[in-house]
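The values are calculated or read from the model by the stated rules, or taken from the named source; none is laboratory data. Source: prediction; values computed, not measured. Please note: Cβ atoms are built from the backbone with ideal geometry, for glycine as well, and neighbour counts cover all protein chains shown.
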Amino acid sequence: MSVQEEEGWVRAIELDDLWEGELVQVTVHDEQVVVVHLEGGHVSAYLSACPHQGTSLAEGYLEDDKLVCPAHLWEFDARCGLGINPDNTKLAPRPVRIEDDAVWIGRVSDKEKTVARSTGSDS
């Protein structure tokens, strides 16, 4: 698939290529982003690096509505990115829209990227 971009949004993946209950890593705006498609149709996208030690969340797995990091089993609410275990962290979200049977990911400002990096935990 060729990359399609319009006004800060990138057509990241076709919905036919990301079934409910699956996750995939895509490159958008020079960032690795994990896209999750939950049962029931909800789609979210986050910077792929776990805030703990930077492990790729695309190598993790979904358990119900939880995104689980493969390295140390940190758990995040896949709908909003908030930490479940531990609960003092969160993922860096990326804007998502569904249009033309595809997942589109929006650009975030440098300020939003800085804030997202500062919310990680080193414990």
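Is it true that some residue in segment 78-96 is of a type in the set (Val, Ile, Thr), touching a strand residue (DSSP E or B) at 6+ places or on another chain (Cβ under 9 Å), modelled with pLDDT of 95 or more and within 26 Å of Gln4 (Cβ to Cβ)?
Checked segment 78-96: at least one residue is of a type in the set (Val, Ile, Thr), touching a strand residue (DSSP E or B) at 6+ places or on another chain (Cβ under 9 Å), modelled with pLDDT of 95 or more and within 26 Å of Gln4 (Cβ to Cβ).
Taking Leu67 and the conditions (1) on the phi > 0 side of the Ramachandran plot; (2) of a type in the set (A, V, I, L, M); (3) buried (at least 17 other Cβ atoms within 10 Å of the Cβ), which numbered condition does it fall short on, given that it satisfies the others?
Only one criterion in (1) on the phi > 0 side of the Ramachandran plot; (2) of a type in the set (A, V, I, L, M); (3) buried (at least 17 other Cβ atoms within 10 Å of the Cβ) is unmet by Leu67, namely (1).
Taking interchain pairs and intrachain pairs at least six residues apart, which have beta carbon atoms under 7 angstrom, with the first residue in segment 23-50 and acidic (Asp, Glu) and the second not in a strand (DSSP E or B)?
Correct list of pairs: Glu39/Glu20; Glu39/Gly21.
Would it be correct to say that His37 is under 23 Å from Asp101 (Cα atoms) and in contact with a helix residue (DSSP H, G or I) (Cβ under 8 Å, 6 or more places away or on another chain)?
Yes: the conditions hold for His37.
Answer yes if at least one residue in segment 74-85 is in contact (Cβ under 8 Å) with a residue 40 or more places away in the chain and surrounded by 16 or more Cβ atoms within 10 Å (Cβ to Cβ), and no otherwise.
yes
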